[in-house]
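Only one structure is covered here, and it is reproduced in the block below.
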Amino acid sequence: MRNRSLFLPLWLLLCPVAMRAQETLEQLPDAPQLQAQAQQTIPALNSATTSSSDSFPPDSTGEILTRQKAEQLALENNPRISVAALLALAQEQVIRETRSGLLPKLNGNVTGVDAEEASRISAGSLDASRLLYHVGAGIDLNQLITDFGRTRNLVASSAFEAKASQQQSQATREDIALAADIAFYNALEAQATLQVAQSTIKARQAVGDQVNALTASKLKSTLDQSFAQVNLSQAKLLALDSQNQFDTAMANLNEVLGTASDQQYQLVDDPSPPLPVAASADAVIALALQQRPDLLALRLNHEADVRFSRAQHKQLLPTVSGIGTLGITPVGSSTYFAPDWYGAAGVNIGIPIFEGFKFHAQAAEADLRARASDEQSRALINRIVRDVRTTWLKANTAQQKMSVTTELLQQANTALDLADTRYRLGLSSIVELSQAQLQQTQAQIAEANARFDYEADLATLRFQSGSQP
């Protein structure tokens with residue numbers, strides 16, 4: 001009975017204190033959540049039409065940049081595109097250079113000589129000397145009649161090399177488009193991580209302020225206060241690292257876009273769900289072997305080597321040319337020069353008899369290079385098959401990770417809600433709450449990055465199949 005008589009006054013004394021503690025605990029903020037769940041999370045962060053101030057990147061004054069626009073800017077401004085295009089144009093001029101061997105060669109000459117007549121009999125040469133007093137003008141004509149296909153094979157070889165250069169130019173465009181896609185998604189990933197870090201700082205700052213208030217009211221220990229400050233410092237460190245990664249990603253993006261300035265953009269991802277990966281790698285492999293420009297370029301180079309090899313073998317055959325000359329000699333001795341005009345026409349057959357085995361060696365070299373280029377094509381085919389298969393596997397795994405990370409984020413949010421409730425009721429320590437906060441931050445970053453990793457893998461798969469612009 002004595003204990004019961006003491007219980008009522010003690011309860012009346014402690015009841016106001018307990019009610020005050022409950023009111024203070026209820027002022028603690030809820031667990032930080034993303035603006036949306038599942039697939040709506042990332043589009044909400046990147047949508048250009050959202051009204052939330054946290055859904056834009058830190059610098060919201062830059063130009064809006066989508067993946068398609070990034071590709072367009074890269075293809076217009078990247079100097080590697082210009083280099084490849086100019087080299088392709090230069091290679092086309094080689095065709096004209098080689099074809100000139102089939103066209104007539106016409107040379108004009110005007111000659112005036114004042115010489116001692118006897119000096120034309122001299123030592124050192126068996127050629128007829130022109131050391132005669134005269135003035136003359138004329139033209140010489142040289143036309144190839146046939147070299148049994150050597151020059152035509154050289155022209156065909158140059159044409160194949162020009163086509164290969166065009167394919168290399170296209171391959172460069174696809175390289176730049178892929179680089180723009182990867183740089184764009186890396187920047188988006190860094191931007192999403194930075195946004196998560198900034199929202200984490202706000203949430204943990206609010207928790208820290210409340211714990212400080214509870215500690216000042218003697219309702220929580222200084223240990224809780226220390227843990228809250230540690231959590232806040234960790235969030236600030238995450239924000240610093242994320243800011244550095246974002247700035248680095250923007251620098252890489254500007255380099256791919258062909259600018260040396262520190263241009264800032266509002267990166268906006270396509271809000272529609274990404275396309276699913278191809279059903280099998282075999283279909284992508286078949287497509288890649290048909291349209292990969294680098295493979296087409298190697299095949300064209302092989303054809304060029306084959307034609308060049310044929311041309312080198314035909315060096316051993318004769319060359320038949322037509323030659324002619326026509327002119328006048330108004331000043332000169334009639335003993336040696338016609339008084340009105342001179343002219344002649346003929347046919348010359350050049351027969352290679354012995355060149356120190358030079359032509360044989362050149363033909364053998366060309367054969368070996370043609371075989372080597374064929375093996376290079378086969379090696380590239382094997383590499384394409386490997387790259388397409390591994391890229392398809394990576395994209396397929398990334399597609400599965402999107403759903404897993406979405407589920408992970410939902411579970412982390414639930415765990416944080418439970419940990420927050422338990423901490424409010426005094427059923428757990430701040431260690432459990434801190435662990436739940438950390439898991440949610442990691443889940444937010446993983447969920448945000450999973451989509452961008454998948455889209456980057458899809459861009460790489462498009463490149464491997466030769467489907468880039």
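Residues of the range 307-339 being over 12 Å from Gly136 (Cα atoms) and without any contact (Cβ under 8 Å) to a residue 24 or more places away in the chain, which ones? Once the filter is applied, which keeps residues that are over 12 Å from Gly136 (Cα atoms) and without any contact (Cβ under 8 Å) to a residue 24 or more places away in the chain, the range 307-339 yields Ser334, Thr335. Leu408 meets the conditions (1) at pLDDT 95 or above; (2) open to solvent by less than 90 Å² (accessible area, probe 1.4 Å); (3) in contact with a helix residue (DSSP H, G or I) (Cβ under 7 Å, 6 or more places away or on another chain) in every case but one. The failed one is (1). Assess whether Ala448 counts as being of a type in the set (Gly, Ala, Ser) and at pLDDT 90 or above. Answer is no for this residue.
Of all residues in the range 335-373, those that are among the aromatic types (Phe, Trp, Tyr) and surrounded by fewer than 11 Cβ atoms within 10 Å (Cβ to Cβ) total 2. Within the range 260-302, the residues that satisfy the criterion of being open to solvent by 50 Å² or more (accessible area, probe 1.4 Å) and over 30 Å from Arg389 (Cβ atoms) are Ala260, Ser261, Asp262, Gln263, Pro271. I want to confirm something. Restricting to the range 191-208 and keeping residues that are open to solvent by less than 20 Å² (accessible area, probe 1.4 Å) and polar (S, T, N, Q), which single residue is farthest from Leu237 (Cα to Cα)? Applying the filter and picking the extreme gives Gln191. Among the residues of the range 147-158, the ones that are in contact with a Leu (Cβ under 9 Å, 6 or more places away or on another chain) and either without any contact (Cβ under 8 Å) to a residue 24 or more places away in the chain or at negative phi (or both) come to 5 in all.
Yes/no matrix, rows are residues, columns are (1) closer than 25 Å to Glu303 by Cβ; (2) outside any helix (DSSP H, G or I); (3) touching a helix residue (DSSP H, G or I) at 6+ places or on another chain (Cβ under 7 Å):
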| position | (1), (2), (3) |
| --- | --- |
| His360 | yes, no, no |
| Ala364 | yes, no, no |
| Asp374 | yes, no, yes |
| Asn396 | no, no, no |
| Asp417 | no, no, no |
| Asp420 | no, no, yes |
| Val431 | no, no, yes |
| Ile445 | no, no, yes |
| Asn449 | no, no, yes |
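Scanning the range 443-463 finds no residues that are open to solvent by 10 Å² or more (accessible area, probe 1.4 Å), closer than 30 Å to Ser226 by Cα and among the polar types (S, T, N, Q).
Scanning the range 224-259 for residues being modelled with pLDDT under 90, polar (S, T, N, Q) and open to solvent by less than 40 Å² (accessible area, probe 1.4 Å) gives a total of 1.
The values are calculated or read from the model by the stated rules, or taken from the named source; none is laboratory data. Just so we're clear, the structure is a prediction, and the values are computed from it rather than from any experiment. Backbone-built Cβ (ideal geometry, glycine too); neighbour counts: all protein chains shown. Ligands, DNA and RNA are excluded from the accessible area calculation, which covers all protein heavy atoms including side chains. Shrake-Rupley method; radii C 1.70, N 1.55, O 1.52, S 1.80 Å.
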